[in-house]
Amino acid sequence: MEFDLNILLIIILFGLIASFIDSVVGGGGLISLPALLAVGMDPATALGTNKLASSFGTFTSTMKFIKARKVDFDIVGKLFPLSFVGSIFGAITATYLPPEYLKPLAIIILALVTVYSIVKKDWGDINKYKKLSLKKAILFIVGVIVIGYYDGFLGGGTGSFFLFMLLLIGLDYLHAAGNAKFLNLASNLGALLLFMILGQVNYIYGFSMAAAMVVGSYLGVTFAIRKGVSYVKVLFIVVTILLILKNVYDYVNSHFM
């Protein structure tokens, strides 16, 4: 793609909006990726460019959560490499197998996550985390690897899946969001590494969107910390519903239209 100032401004605007939402509960790809596709980027380059930009945004929000002491390194510290490696293998798989194969499963899981979050009205209001048993710890580790793999393979909803898994072990919404961002940073970097190796990154537009995402992520986390658990909970439910609708639309459009 040739450099175009109008395209650059569009990318910056949508990157800012996407990262504000993504910084807390994920789902920013609903905004940033379509924006990159809309300006004429081919799908593979759009995915790689989006990963470059979102990695900067996720890094910013992660650092902000760490500063606010919302990241529990005793829980997720050693799992960073597992999410990173899982994402690389997911991205490798995506080069051989169309990601569309996972979309129906993603829709079902996101729907279950949303229903469970709505039904459990007091869920995630306070931190009830206790040290995990060996069995739960193993399941938690497997979950991190699988979600990391999913991020490299398909991506949409990764932040929501990480957040939901952390809520399941007893964290409140704000701590779950902080720890989810830490793990999501690892999966973003893993997928980005492979896209860079494959030459599927537009660095001019990628770094421009990244700058906007740094600002959006900082503002998003600052707002979430000030508003507290209830804000994160509502945002989480809204974003997961939007993710379901987007995935259903894409699936129907590709198979029946």
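Read-outs throughout are calculated quantities, based only on the coordinates presented, and are distinct from any laboratory measurement. Remember, it's a predicted structure, so these values are computed and weren't measured experimentally. Quick reminder, even Gly has a Cβ in these numbers, built from the backbone with ideal geometry, and neighbours come from all protein chains shown.
Counting other C-beta atoms within 10 Å, and keeping those with at most 16, which DSSP coil trypsin sites (Lys or Arg not before Pro) do you find in the range 119-168? Those that pass, being in a loop and sparsely packed, are LYS120, LYS121, LYS128, LYS130, LYS131. Between the C-alpha center of the range 187-254 and that of the range 10-79 there is a gap of 4 Å.
Taking every pair of Cα atoms in the range 172-257, average 1/r, invert it to obtain the Kirkwood radius, and report Rg/Rh to two decimals. Please report the intermediate quantities before stating the final value.
Numbers: Rg = 16.4 Å, Rh = 15.6 Å.
A ratio of 1.05.
Per residue, the convex hull around the alpha carbon atoms of the chain comes to 115 Å³. Each of THR62, PHE14, VAL85 was placed along the dipole of the range 1-107 (beta-carbon charges, centred on the mean Cα), and the one lying farthest toward the positive end is THR62. Around ARG226, with a cut-off of 13 angstrom between Cβ atoms, what is the net charge of the other residues, counting Lys and Arg +1 and Asp and Glu -1? Once all neighbours under 13 Å are counted, the net charge is +3.
Within the chain, the longest run free of exposed loop sites, counting chymotrypsin sites (Phe, Trp or Tyr not before Pro) that sit outside DSSP helix and strand states (H, G, I, E, B) and have at most 11 other Cβ atoms within 10 Å, spans 97-257. Pairwise Cα separations in the range 49-131 fall into 10 Å bins from 0 onward with the following percentages, short to long: 12, 27, 42, 18, 1.
Distances over 24 Å make up what percent of all Cα-Cα pairs in the range 65-210?
On the way: 3678 of 10585 pairs.
Within the range 65-210, distances greater than 24 Å cover 35 percent of Cα pairs.
For the Cα trace of the range 50-93, dividing Rg by the Kirkwood Rh returns an Rg/Rh value of 1.04.
Taking only the alpha carbons of the range 12-59, we obtain Rg and Dmax values of 9.8, 29 Å in that order.
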